[in-house]
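Trainee: Below is one structure. I have some questions about it.
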Amino acid sequence: QVQLVESGGGLVQAGGSLRLSCAASGRTFSQYSMAWFRQPPGKEREFVGYISWVGGRTYYADSVKGRFSISRDNAKDTVYLQMNSLNPEDTAVYYCAAGLTCFSDSPRSYRYWGQGTQVTVSS
């Protein structure tokens, strides 16, 4: 069992930045690949980015490439999502997820989920 808790969401103006954190507890965090997803209002959950459990390989959705970056600190059992140049289309509930998977942008590949943190970008 892995428990995930996101933090760092909030209200930010367009062009601003936020850093989300996802703290893990339970089973060995370093063995899990991690991903961030988001769910905009009235829309389905969508992939944001992924970081592998070894090597820290990252992949991003086209919509955030060049603006968002994912990192992980296995010593702290934490993964981060640095979000820059935010725009109103980034408004969503952001979720972190953990899975024993190679790269995947499908929510079905991830077994454990956090409760989500709201990010609101004002224009």
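Trainee: Of the conditions (1) surrounded by fewer than 17 Cβ atoms within 10 Å (Cβ to Cβ); (2) among the hydrophobic types (A, V, I, L, M, F, W, C); (3) modelled with pLDDT under 95; (4) part of a strand (DSSP E or B), Leu11 satisfies every one except a single condition; which number is it?
Mentor: (3)
Trainee: Please work out if Ser106 is touching a residue at least 12 places away in the same chain (Cβ under 8 Å), among the polar types (S, T, N, Q) and within 26 Å of Val12 (Cα to Cα).
Mentor: Numbers: touching a residue at least 12 places away in the same chain (Cβ under 8 Å): yes; among the polar types (S, T, N, Q): yes; within 26 Å of Val12 (Cα to Cα): no.
The answer is no for Ser106.
Trainee: Name the single residue that is farthest from Val54 (Cα to Cα) among those in region 93-123 being aliphatic (A, V, I, L, M) and in contact with a helix residue (DSSP H, G or I) (Cβ under 9 Å, 6 or more places away or on another chain).
Mentor: Val121
Trainee: Counting residues that are open to solvent by less than 40 Å² (accessible area, probe 1.4 Å), which strands (runs of 3 or more DSSP E) fully inside region 19-123 reach at least 1?
Mentor: Numbers: elements: 33-39, 46-51, 58-60, 68-73, 78-83, 92-99, 117-122.
Counting at least 1 such residues, we get 33-39, 46-51, 68-73, 78-83, 92-99, 117-122.
Trainee: Moving on to the next point. Could you tell me which numbered condition Gly55 fails, if it satisfies all but one of (1) of a type in the set (Gly, Ala, Ser); (2) out of contact with any strand residue (DSSP E or B) (no Cβ under 6 Å at 6 or more places or on another chain); (3) touching a residue at least 24 places away in the same chain (Cβ under 8 Å)?
Mentor: Condition (3) is where Gly55 drops out.
The values are calculated or read from the model by the stated rules, or taken from the named source; none is laboratory data. The structure presented is a predicted model; accordingly, all values stated were derived computationally and were not measured. Heads up, the Cβs are rebuilt from the backbone with ideal geometry, glycines too, and the neighbour counts pull from every protein chain shown. What goes into the accessible areas is simple: the full protein's heavy atoms, side chains included, and nothing from ligands, DNA or RNA. Shrake-Rupley method; radii C 1.70, N 1.55, O 1.52, S 1.80 Å.
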